[in-house]
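*Asks:* One structure follows; several queries about it will come next.
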Amino acid sequence: MVFSQFTHVLRYVKTFAFLLLLLFSSVQAWAQPELTSRFRAGREAFEAARYDEAVQQFSAIVKENPGFRLDIQGAAVFWLGKAHSARSEHSQALDVWRGGIRALESEEAFDVLLADAYTRSVFKERVQSEYVRAIDAYLGMLDVVGSKLRPHEKNVVDLHVRQMIFLLPDELRRRVVDTLGEPRDKMVYDSGAGALLVNWWHSQDPLPASVWNERVAEHLERVTEAGASYASLESPSGFDDRGKLYVRLGAPSQVERIRSYFLNSRKALMADAEFAGVSFLPRNEFWTYSHLGRAARYLFAWERGAFRHAGLEGMMPNVLRRGFSSSDRGRFRASLSIQLMREFLYELAWLDPGYTATYLRVDDAVEGRGPPIPIFIVVSMLMQETKVVERQLETKRRAEVPRSSSGFSTAPSLPVELRLARFLDADGTTRTEVYWAVPAGELVPPPGVHLEILRKHPRLSYEHMILLSAVQQEMGFQTRKITRGKYRLSDNYSDDADSPVYTTIVRGDTGLYHLALQWDQYMVHETGNVEDPEDHSFIRRGVQRVDSLVALDPSPGTLVMSDLVPLVAGSIEETDLVRDEQGFRAPVYVRKAITPQTNLALYFEVYNLVFGDDDQTHYTVSYEVSYDEKREGIAGLLGRRELVTTAVSTSHTGYSLTTREYVMLDLAEWDTADRMLITVRLLDEVTGKAADRSIEFVLMN
């Protein structure tokens, strides 16, 4: 009876729930046209500059459905923020856009216009608490590059690409867009362009263990500043040549203006009717990046409504760039032109020594110290010569100045010696072992930093804490896992051979993966929590990336060999095992250079051997050393070298499909070499399959 009553109640509950669902569906069907009508009314009000009305309409929509959007016009929350912004309510606009981003995220939706407005607002106001989400929104816009977008969405995405395309290496730029120049009209993208752009930004992350990508944040801050200070409606990127350089290299270390131009010859020019009303001195700026080398010098001049990269010709009035001839008028024009060239080059040579030789040539011509050549010919020759010099200076800039420069790359870095090796774990994933050491003497902080720490914390233990973050990244550079470790180091070791080597292990990788390593160095205080880095003084960090690693293939029947691990094997007898469950019995050799006196062993593992008919494995291990050595006689005096190769092999029998092996090498045999390549090869004699690995050293004699 109780069961029957319960069944009755359950039937009524189900019926009531069904009726509620029908009612809710009816309300939704009724509400959708209502929201659409409000959306259109809001858009009409916005276009008519009736922003109060627009706020009311869009607020009602967002309150009812935060993620409401029309396919053609975008998200209601975007237009609500636009209306607030039009009323100069910028903080309210940002709040609205933030809520819209979250609402669409919950629906796994993305709106280009909303993402653009939110990102630009965050970086315009420098709201660092929003950087993580804003960077995700920015990368989301790049991710849809090349996909099918509506015209107004494509315009937004195209602008972001134009504002970063000049940062890319040429090879990557060719894979993204069909031109190496700055596209002015329609942007045509190659297949997969969006993923390439996103992956490139991930690969530029200077602090992979931090919560956001500082390089992307720096770029968006620079773009915001360039748009505000160096705007140009004529440029496809939205800013002039100064702005593009600012986005590339950051703020210049020095900005100069050439002001003394034409002082000596202004009277002669103004007295001539032909030159009446000519603007002799264009607005100009000379930018210097002293930290990027002598070639990092750039001249900009105002021309055709914007600041553009300029040289001598760009600083000369149009009327004095040509028209030189043997006539009286032509000679007079040439005389004025060369005098103005001298005055300008005198100023420019102080700022850029690359113009010094050209200035001296012009000065000789003006003073009559050159060959007796008519002045109108001399001027034409010198102008052509200046163009050649400027092309050479531009070539030098392209060769010596980086495509882009980050503020993070100029900070003092902790040097770390590094090696890594891949091994196969039982679950078929790849285990990556990272071996690292800080060379002797490198733990000592820079003098200025050390003094500053001593002023604040006189009680130092002179020990150091290293916080290591090993960031495993998937093929697209998305972070998969971060492995952290803390290490206490002393700076009292004095020889590189005594530098302690540490091992960090990361697991679980498959396919193509990347590894980013970040070491944060702290000087330990005698007081405070010994284990908490925040209680100690941060000194500097080191960052290294190892990209495009390929996981070992776990497929049955595939002979797989680990990477080679170099060991200092002086204390190991041939009968000893090099490795046990606690790790290596000898220190890993992490340096790239080695002396002939080093007792070197190369450890490796092999997987998927096959048993023979006798239920044993049979395999041959061989190693080959290739090196170049100085030739005898005249060839040696001329610096010529020859490649020499030696090989040794041994046969083995085992009872396991996996084997641990090592080879011992006496480097004294190759003490005349400068560089050597060692290749270890294993041949499975049962199947005939082979696998090999190589390692290279520089020999120091």
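The values are calculated or read from the model by the stated rules, or taken from the named source; none is laboratory data. Since the model is a prediction, treat every value here as computed from it, not as a measurement. Every residue, glycine as well, gets a Cβ built from its backbone with ideal geometry; the counts of neighbours run over all protein chains shown.
*Asks:* Are any of the residues in the range 566-577 within 30 Å of GLY511 (Cβ to Cβ), under 40 Å from the mean Cα position of the chain (by Cα) and either assigned to a loop (DSSP other than H, G, I, E, B) or at pLDDT 75 or above (or both)?
*Replies:* Yes: the range 566-577 contains one or more residues that are within 30 Å of GLY511 (Cβ to Cβ), under 40 Å from the mean Cα position of the chain (by Cα) and either assigned to a loop (DSSP other than H, G, I, E, B) or at pLDDT 75 or above (or both).
*Asks:* Considering the range 128-145 alone, what residues qualify as being among the small types (Gly, Ala, Ser) and free of Cβ contacts under 8 Å to residues at least 60 places away in the same chain?
*Replies:* Within the range 128-145, SER129, ALA137, GLY140 meet the criteria.
*Asks:* Which residues, taken from the range 676-701, are at pLDDT 85 or above and within 20 Å of ALA593 (Cα to Cα)?
*Replies:* MET676, LEU677, ILE678, THR679, VAL680, ARG693, SER694, ILE695, GLU696, PHE697, VAL698, LEU699
*Asks:* When you check LEU552 against the structure, is it farther than 30 Å from PRO447 by Cβ, out of contact with any helix residue (DSSP H, G or I) (no Cβ under 7 Å at 6 or more places or on another chain) and at pLDDT below 95, yes or no?
*Replies:* No.
*Asks:* Which residues, counting only those in the range 367-397, are hydroxyl-bearing (Ser, Thr, Tyr) and either on the phi > 0 side of the Ramachandran plot or surrounded by fewer than 17 Cβ atoms within 10 Å (Cβ to Cβ) (or both)?
*Replies:* SER380, THR395
*Asks:* Of the numbered conditions (1) free of Cβ contacts under 8 Å to residues at least 24 places away in the same chain; (2) touching a Lys or Arg at 6+ places or on another chain (Cβ under 6 Å), LEU414 fails exactly one; give the number of that condition.
*Replies:* (1)
*Asks:* All but one of (1) at pLDDT 85 or above; (2) within 35 Å of the chain's Cα centre (by Cα) hold for ARG342; which doesn't?
*Replies:* (2)
*Asks:* What number of residues in the range 155-198 are part of a loop (DSSP other than H, G, I, E, B), modelled with pLDDT under 90 and surrounded by fewer than 20 Cβ atoms within 10 Å (Cβ to Cβ)?
*Replies:* Result for the range 155-198: 13.
*Asks:* Out of (1) part of a strand (DSSP E or B); (2) modelled with pLDDT of 90 or more; (3) not hydroxyl-bearing (Ser, Thr, Tyr), what's the single condition that is false for GLU629?
*Replies:* (2)
*Asks:* Let me spell it out: the conditions are (1) closer than 23 Å to ILE695 by Cβ; (2) modelled with pLDDT under 90; (3) touching a Leu at 6+ places or on another chain (Cβ under 9 Å); (4) not aromatic (Phe, Trp, Tyr), and LEU460 meets all of them except one. Which number is the exception?
*Replies:* (1)
*Asks:* Could you check the range 579-597 and list, in sequence order, the residues that are of a type in the set (Ser, Thr, Tyr) and surrounded by 17 or more Cβ atoms within 10 Å (Cβ to Cβ)?
*Replies:* Within the range 579-597, just TYR589 meets the criteria.
*Asks:* If you don't mind, there's one more thing I want to ask. If you go through the range 661-670 one residue at a time, do you hit one that is buried (at least 17 other Cβ atoms within 10 Å of the Cβ), touching an Asp or Glu at 6+ places or on another chain (Cβ under 7 Å) and either at pLDDT below 95 or not assigned by TED's automatic domain parsing to the domain that holds LEU420 (or both)?
*Replies:* Scanning the range 661-670, I find no residue that is buried (at least 17 other Cβ atoms within 10 Å of the Cβ), touching an Asp or Glu at 6+ places or on another chain (Cβ under 7 Å) and either at pLDDT below 95 or not assigned by TED's automatic domain parsing to the domain that holds LEU420 (or both), so the answer is no.
*Asks:* Could I ask something else about it? Go through the range 39-60 and report how many residues are buried (at least 20 other Cβ atoms within 10 Å of the Cβ) and either touching a residue at least 40 places away in the same chain (Cβ under 8 Å) or more than 18 Å from ARG87 (Cβ to Cβ) (or both).
*Replies:* 3
*Asks:* Okay, next question. Go through the range 98-154 and give me each residue that's among the hydroxyl-bearing types (Ser, Thr, Tyr) and assigned to a helix (DSSP H, G or I).
*Replies:* Hits for the range 98-154 are SER106, TYR118, THR119, SER121, SER129, TYR131, TYR138.
*Asks:* State all residues of the range 61-72 that are touching a helix residue (DSSP H, G or I) at 6+ places or on another chain (Cβ under 8 Å) and surrounded by fewer than 17 Cβ atoms within 10 Å (Cβ to Cβ); if no residue qualifies, say none.
*Replies:* GLU64, ASN65, LEU70
*Asks:* Could you list all residues from the range 188-203 that are without any contact (Cβ under 8 Å) to a residue 40 or more places away in the chain and under 20 Å from ASP547 (Cα atoms)?
*Replies:* LEU196, TRP200
*Asks:* Looking at the structure I just gave you, is ARG174 on the phi > 0 side of the Ramachandran plot and among the basic types (Lys, Arg)?
*Replies:* It is false that ARG174 is on the phi > 0 side of the Ramachandran plot and among the basic types (Lys, Arg).
Let's see how each residue does on (1) under 24 Å from the mean Cα position of the chain (by Cα); (2) assigned by TED's automatic domain parsing to the domain that holds GLN478; (3) among the small types (Gly, Ala, Ser):
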{"residue": "GLU105", "(1), (2), (3)": "no, no, no"}
{"residue": "ALA109", "(1), (2), (3)": "no, no, yes"}
{"residue": "LEU113", "(1), (2), (3)": "no, no, no"}
{"residue": "ALA117", "(1), (2), (3)": "no, no, yes"}
{"residue": "ARG120", "(1), (2), (3)": "yes, no, no"}
{"residue": "ARG150", "(1), (2), (3)": "no, no, no"}
{"residue": "ILE165", "(1), (2), (3)": "yes, no, no"}
{"residue": "ASP170", "(1), (2), (3)": "yes, no, no"}
{"residue": "GLY194", "(1), (2), (3)": "yes, no, yes"}
